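Derivation of every value follows stated rules applied to the coordinates shown; laboratory data play no part. Quick caveat, the model's predicted, so the values are computed rather than measured. Note: ideal-geometry Cβ built from the backbone for every residue, glycine included; neighbour counts use all protein chains shown.
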Amino acid sequence: MSPTTGEAAEDSVRPIVAGDSVIGTLKVGSYFNEAAAEELKRRTGLDIVFVSRGKVTASTLGKDVSVNVPPEAIQAATAAPSTAEFSIRDTAAQAQIVYLPSDVGDGMTVAFVSSLNEVDAAKRSFAW
């Protein structure tokens, strides 16, 4: 969480060195907000959910949509990317869950979510 804004963020800071002296720093970062989620959705075609400290901080699903990424999937993702199935608005969904560690405090979890409607429709079609 950014100490300045209180928003979830990912930053990297590197020193700028001239000779033996540090003359400044270069900081590059991004907030994990709706704009970042929409950009990831545009690039992947998947809905995005950002989770920090067990709470959804932003998503492409809208503020009125309750998303409950299973805590055990978030915990599993701290060791390696994991997958989980859960419901969003009574619709089955599957997510690839990736944990981004932090050097300071808790990291950020990103869930790349897709609806299972097409998969279920294909199964029904095949079965019939």
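Here are the numbers for this structure:
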{"read-out": "Criterion (in contact with a strand residue (DSSP E or B) (Cβ under 7 Å, 6 or more places away or on another chain), surrounded by fewer than 16 Cβ atoms within 10 Å (Cβ to Cβ), not in a loop (DSSP other than H, G, I, E, B) and not basic (Lys, Arg)) met by exactly one of Val22, Val56", "value": "Val22"}
{"read-out": "When residues of region 109-128 are limited to those that are surrounded by 13 or more Cβ atoms within 10 Å (Cβ to Cβ) and among the hydrophobic types (A, V, I, L, M, F, W, C), the one nearest to the chain's Cα centre (by Cα)", "value": "Val110"}
{"read-out": "Breaking point among (1) among the aliphatic types (A, V, I, L, M); (2) touching a Ser or Thr at 6+ places or on another chain (Cβ under 8 Å); (3) surrounded by fewer than 14 Cβ atoms within 10 Å (Cβ to Cβ), for Ala9", "value": "(3)"}
{"read-out": "Residues of region 68-89 classified as touching a residue at least 24 places away in the same chain (Cβ under 8 Å) and either surrounded by fewer than 17 Cβ atoms within 10 Å (Cβ to Cβ) or part of a loop (DSSP other than H, G, I, E, B) (or both), total", "value": "4"}
{"read-out": "Residues located in region 25-42, provided they are within 24 Å of Ser102 (Cα to Cα), of a type outside the set (A, V, I, L, M, F, W, C) and not in a strand (DSSP E or B)", "value": "Asn33, Glu34, Glu38, Glu39, Lys41"}
{"read-out": "Test: residue in region 94-108 that is assigned to a strand (DSSP E or B), within 22 Å of Arg42 (Cα to Cα) and over 13 Å from the mean Cα position of the chain (by Cα)", "value": "yes"}
{"read-out": "Tally of residues being more than 11 Å from the chain's Cα centre (by Cα) and either surrounded by 19 or more Cβ atoms within 10 Å (Cβ to Cβ) or farther than 13 Å from Val113 by Cβ (or both) across region 38-53", "value": "5"}
